[in-house]
1. So what is the accessible area of the stretch 1-85 per residue, in Å², with the probe set to 1.4 Å?
2. Using θ = phi - 60° and the Karplus form 6.51 cos²θ - 1.76 cosθ + 1.60, what ³J(HN,Hα) does each residue of the stretch 52-60 get, whole Hz, x for Gly and Pro?
3. Using heavy-atom solvent-accessible surface (probe 1.4 Å) with all chains present, what is the largest-first order of ASP51, ASP96, ASP205, ASP171?
4. Starting from the Cα-Cα distance between ASN60 and VAL184, subtract it from 0.36 nm times their residue separation and give me the gain in nm to one decimal.
5. If I take R0 = 22 Å and measure r between the Cβ atoms of ARG165 and ASN114 in this structure, what FRET efficiency does the formula 1/(1 + (r/R0)^6) give, to the nearest 0.05?
6. Quick one: what are the phi-derived ³J(HN,Hα) couplings along the stretch 30-41, Karplus 6.51/-1.76/1.60 with θ = phi - 60°, whole Hz, x for glycine and proline?
7. Got a sec? What order do GLU175, GLU100 fall in by accessible area at 1.4 Å, biggest, i.e. largest, first?
8. Using modelled backbone amide H atoms (1.01 Å from N, in-plane), which distant-in-sequence or interchain residues come within less than 5 Å of PHE108's amide H?
Amino acid sequence: VCGVGNPGIGKPTTTIYLLQRLVMSKKKSVVYTTRKQTGDDTFFDIVPQIDEGGNVSDVNVSVHTMQHDEVFKLPTLKENHGVYVADPGKFKGSCDCSDELQAQGSSFLMNASNDSRHWGGNEFTKYRGNTIGANWLKKPANQMQEGILVHGYPWTLGELVVAGRYGGLPDITEEELRYRYRMVGGSFRHILTFNETLFKSKVKDSLNLDS
(Lines give C-alpha, C1' and ligand atoms only; values in the text may rest on other atoms or scores of the structure.)
Protein backbone atom coordinates (compact mmCIF):
# COMPACT_ATOMS: atom_id res chain seq x y z
CA VAL A 1 0.00 0.00 0.00
CA CYS A 2 1.29 3.47 -0.91
CA GLY A 3 -0.34 6.45 0.78
CA VAL A 4 0.17 9.70 -1.12
CA GLY A 5 -0.58 13.15 0.26
CA ASN A 6 0.26 16.78 -0.39
CA PRO A 7 3.24 18.25 1.49
CA GLY A 8 2.15 19.35 4.96
CA ILE A 9 -0.93 17.11 5.11
CA GLY A 10 0.48 15.16 8.09
CA LYS A 11 2.07 12.03 6.61
CA PRO A 12 4.75 11.55 9.32
CA THR A 13 2.12 12.08 12.03
CA THR A 14 -0.13 9.52 10.34
CA THR A 15 2.78 7.08 9.99
CA ILE A 16 3.56 7.21 13.73
CA TYR A 17 -0.13 6.60 14.48
CA LEU A 18 -0.09 3.73 11.98
CA LEU A 19 2.93 2.13 13.70
CA GLN A 20 1.17 2.38 17.05
CA ARG A 21 -1.98 0.73 15.66
CA LEU A 22 -0.05 -2.05 13.91
CA VAL A 23 1.93 -2.96 17.04
CA MET A 24 -0.55 -2.34 19.85
CA SER A 25 -3.91 -3.15 18.22
CA LYS A 26 -3.02 -5.55 15.40
CA LYS A 27 -0.12 -7.08 17.38
CA LYS A 28 2.06 -6.98 14.27
CA SER A 29 5.84 -6.95 14.18
CA VAL A 30 7.00 -3.91 12.21
CA VAL A 31 10.21 -2.72 10.55
CA TYR A 32 10.34 1.07 10.03
CA THR A 33 12.83 3.31 8.22
CA THR A 34 13.28 6.72 6.67
CA ARG A 35 15.28 6.32 3.47
CA LYS A 36 18.69 8.02 3.25
CA GLN A 37 20.14 9.61 0.15
CA THR A 38 23.45 7.75 0.42
CA GLY A 39 24.94 4.83 2.35
CA ASP A 40 23.19 2.28 4.53
CA ASP A 41 19.70 2.83 5.92
CA THR A 42 18.73 2.52 9.59
CA PHE A 43 15.87 0.14 10.36
CA PHE A 44 13.86 0.07 13.58
CA ASP A 45 12.62 -3.46 14.29
CA ILE A 46 9.57 -3.27 16.58
CA VAL A 47 8.25 -6.54 18.05
CA PRO A 48 5.31 -6.68 20.51
CA GLN A 49 5.48 -9.14 23.41
CA ILE A 50 2.15 -10.89 23.97
CA ASP A 51 1.09 -12.07 27.44
CA GLU A 52 -1.07 -15.08 28.30
CA GLY A 53 -4.22 -13.01 27.92
CA GLY A 54 -3.32 -12.11 24.35
CA ASN A 55 -2.48 -8.49 25.21
CA VAL A 56 0.68 -6.54 24.41
CA SER A 57 2.70 -6.50 27.64
CA ASP A 58 5.90 -4.96 26.27
CA VAL A 59 7.60 -3.92 23.03
CA ASN A 60 11.12 -4.86 21.99
CA VAL A 61 12.95 -2.46 19.66
CA SER A 62 16.22 -3.28 17.91
CA VAL A 63 18.13 -1.15 15.41
CA HIS A 64 19.82 -2.44 12.25
CA THR A 65 22.03 -0.58 9.77
CA MET A 66 22.18 -2.21 6.34
CA GLN A 67 21.57 -1.81 2.62
CA HIS A 68 17.93 -1.18 1.81
CA ASP A 69 17.67 -4.04 -0.67
CA GLU A 70 18.56 -6.46 2.14
CA VAL A 71 15.73 -5.42 4.48
CA PHE A 72 13.54 -8.38 3.58
CA LYS A 73 16.15 -10.64 5.20
CA LEU A 74 15.42 -9.31 8.70
CA PRO A 75 13.81 -12.06 10.84
CA THR A 76 10.79 -9.86 11.62
CA LEU A 77 9.91 -9.80 7.93
CA LYS A 78 11.31 -13.17 6.92
CA GLU A 79 9.91 -15.29 9.76
CA ASN A 80 7.18 -13.30 11.52
CA HIS A 81 5.11 -12.14 8.52
CA GLY A 82 5.68 -8.57 9.64
CA VAL A 83 4.99 -5.20 8.05
CA TYR A 84 7.67 -3.04 6.42
CA VAL A 85 6.82 0.67 6.73
CA ALA A 86 9.00 3.02 4.69
CA ASP A 87 9.18 6.81 4.72
CA PRO A 88 10.89 7.97 1.48
CA GLY A 89 12.06 11.22 3.11
CA LYS A 90 13.91 13.07 0.34
CA PHE A 91 15.10 9.85 -1.29
CA LYS A 92 14.56 10.04 -5.07
CA GLY A 93 14.73 6.35 -5.96
CA SER A 94 12.54 3.37 -5.15
CA CYS A 95 11.68 2.10 -1.67
CA ASP A 96 10.14 -1.03 -3.09
CA CYS A 97 10.98 -4.61 -2.14
CA SER A 98 7.40 -5.90 -2.17
CA ASP A 99 8.08 -8.94 -4.39
CA GLU A 100 10.34 -10.48 -1.75
CA LEU A 101 8.05 -9.45 1.10
CA GLN A 102 4.98 -10.86 -0.60
CA ALA A 103 6.72 -14.19 -1.14
CA GLN A 104 7.42 -14.33 2.62
CA GLY A 105 3.91 -13.32 3.67
CA SER A 106 4.91 -9.85 4.85
CA SER A 107 3.43 -6.50 3.78
CA PHE A 108 4.79 -3.18 2.50
CA LEU A 109 3.44 0.28 3.38
CA MET A 110 4.78 3.68 2.29
CA ASN A 111 3.73 7.30 2.73
CA ALA A 112 4.99 9.75 0.10
CA SER A 113 4.32 13.25 -1.19
CA ASN A 114 2.97 13.70 -4.69
CA ASP A 115 6.03 15.55 -5.96
CA SER A 116 9.10 14.66 -8.01
CA ARG A 117 11.38 14.23 -4.96
CA HIS A 118 9.65 10.96 -4.09
CA TRP A 119 8.75 9.69 -7.54
CA GLY A 120 12.03 9.29 -9.39
CA GLY A 121 11.82 12.80 -10.83
CA ASN A 122 8.78 11.84 -12.89
CA GLU A 123 5.83 12.57 -10.62
CA PHE A 124 3.71 9.37 -10.62
CA THR A 125 6.04 7.15 -12.67
CA LYS A 126 7.39 5.52 -9.51
CA TYR A 127 9.95 2.76 -10.07
CA ARG A 128 8.91 -0.69 -8.87
CA GLY A 129 10.88 -3.94 -8.73
CA ASN A 130 12.54 -4.69 -12.07
CA THR A 131 10.76 -1.91 -13.95
CA ILE A 132 13.44 0.73 -13.36
CA GLY A 133 13.28 3.35 -16.08
CA ALA A 134 9.78 2.24 -17.08
CA ASN A 135 6.35 3.48 -16.14
CA TRP A 136 4.85 0.44 -14.39
CA LEU A 137 1.42 2.08 -14.33
CA LYS A 138 1.25 1.77 -18.14
CA LYS A 139 2.27 -1.88 -18.27
CA PRO A 140 -0.28 -4.52 -19.34
CA ALA A 141 -2.52 -5.62 -16.47
CA ASN A 142 -1.04 -9.14 -16.43
CA GLN A 143 2.45 -7.69 -15.90
CA MET A 144 1.66 -5.14 -13.20
CA GLN A 145 2.72 -5.81 -9.64
CA GLU A 146 0.00 -5.89 -7.02
CA GLY A 147 -0.58 -3.00 -4.68
CA ILE A 148 -2.92 -0.22 -3.63
CA LEU A 149 -2.35 3.49 -4.21
CA VAL A 150 -4.30 5.78 -1.84
CA HIS A 151 -4.20 9.55 -2.41
CA GLY A 152 -4.95 11.83 0.52
CA TYR A 153 -6.07 15.33 -0.44
CA PRO A 154 -5.54 18.45 1.71
CA TRP A 155 -7.78 18.66 4.78
CA THR A 156 -11.14 20.36 4.45
CA LEU A 157 -12.16 22.94 7.05
CA GLY A 158 -14.79 20.55 8.41
CA GLU A 159 -12.21 17.78 8.88
CA LEU A 160 -9.85 20.14 10.68
CA VAL A 161 -12.61 21.34 13.01
CA VAL A 162 -13.43 17.72 13.93
CA ALA A 163 -9.72 16.90 14.42
CA GLY A 164 -9.40 19.90 16.72
CA ARG A 165 -12.22 18.62 18.91
CA TYR A 166 -10.34 15.34 19.34
CA GLY A 167 -7.16 17.07 20.46
CA GLY A 168 -5.40 17.01 17.10
CA LEU A 169 -4.87 20.79 17.14
CA PRO A 170 -3.85 21.73 20.68
CA ASP A 171 -4.29 25.30 21.92
CA ILE A 172 -6.01 26.51 18.74
CA THR A 173 -9.57 27.76 19.08
CA GLU A 174 -12.09 26.95 16.38
CA GLU A 175 -12.25 30.65 15.43
CA GLU A 176 -8.45 30.78 15.07
CA LEU A 177 -8.48 27.51 13.14
CA ARG A 178 -10.99 28.90 10.64
CA TYR A 179 -8.87 32.04 10.23
CA ARG A 180 -5.68 30.06 9.59
CA TYR A 181 -7.50 27.81 7.13
CA ARG A 182 -8.58 30.85 5.11
CA MET A 183 -4.95 32.01 5.06
CA VAL A 184 -3.01 28.81 4.28
CA GLY A 185 -5.57 26.17 3.26
CA GLY A 186 -5.73 22.55 4.36
CA SER A 187 -2.07 21.90 5.17
CA PHE A 188 -1.87 20.50 8.71
CA ARG A 189 1.78 21.54 9.00
CA HIS A 190 1.22 25.13 7.92
CA ILE A 191 -1.79 25.54 10.21
CA LEU A 192 0.17 24.28 13.23
CA THR A 193 3.21 26.48 12.50
CA PHE A 194 1.26 29.55 11.30
CA ASN A 195 2.97 32.88 12.00
CA GLU A 196 0.82 35.72 10.66
CA THR A 197 3.56 38.35 10.52
CA LEU A 198 5.98 36.02 8.73
CA PHE A 199 3.25 34.77 6.41
CA LYS A 200 2.19 38.26 5.33
CA SER A 201 5.83 39.24 4.83
CA LYS A 202 6.42 36.25 2.53
CA VAL A 203 3.27 37.02 0.55
CA LYS A 204 4.30 40.66 0.16
CA ASP A 205 7.80 39.71 -0.98
CA SER A 206 6.62 37.06 -3.41
CA LEU A 207 4.10 39.44 -5.03
CA ASN A 208 6.51 42.41 -5.01
CA LEU A 209 3.88 44.60 -3.32
CA ASP A 210 4.66 48.16 -2.36
CA SER A 211 3.30 49.81 0.79
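1. 54 Å²
2. Along the stretch 52-60, the couplings run 5, x, x, 9, 7, 9, 6, 9, 9 Hz.
3. Result, largest first: ASP171, ASP205, ASP51, ASP96.
4. Once the chain is fully extended between ASN60 and VAL184, it gains 40.6 nm.
5. Computed FRET efficiency for ARG165 and ASN114 comes out at 0.20.
6. Listing the rounded values in order: 10, 10, 10, 8, 10, 4, 9, 6, 9, x, 6, 9 Hz.
7. Sorted descending by solvent-accessible area, the residues read GLU175, GLU100.
8. Sorted by chain and number, the residues that satisfy this are TYR84.
The values are calculated or read from the model by the stated rules, or taken from the named source; none is laboratory data. This structure is a prediction, so every number in the text was calculated from the model and none was measured. In this analysis, Cβ positions are derived from the backbone assuming ideal geometry, glycine residues included, and neighbour counts consider all displayed protein chains. Heads up: the accessible areas ignore ligands, DNA and RNA and are worked out on the full protein's heavy atoms, side chains in. Shrake-Rupley method; radii C 1.70, N 1.55, O 1.52, S 1.80 Å.
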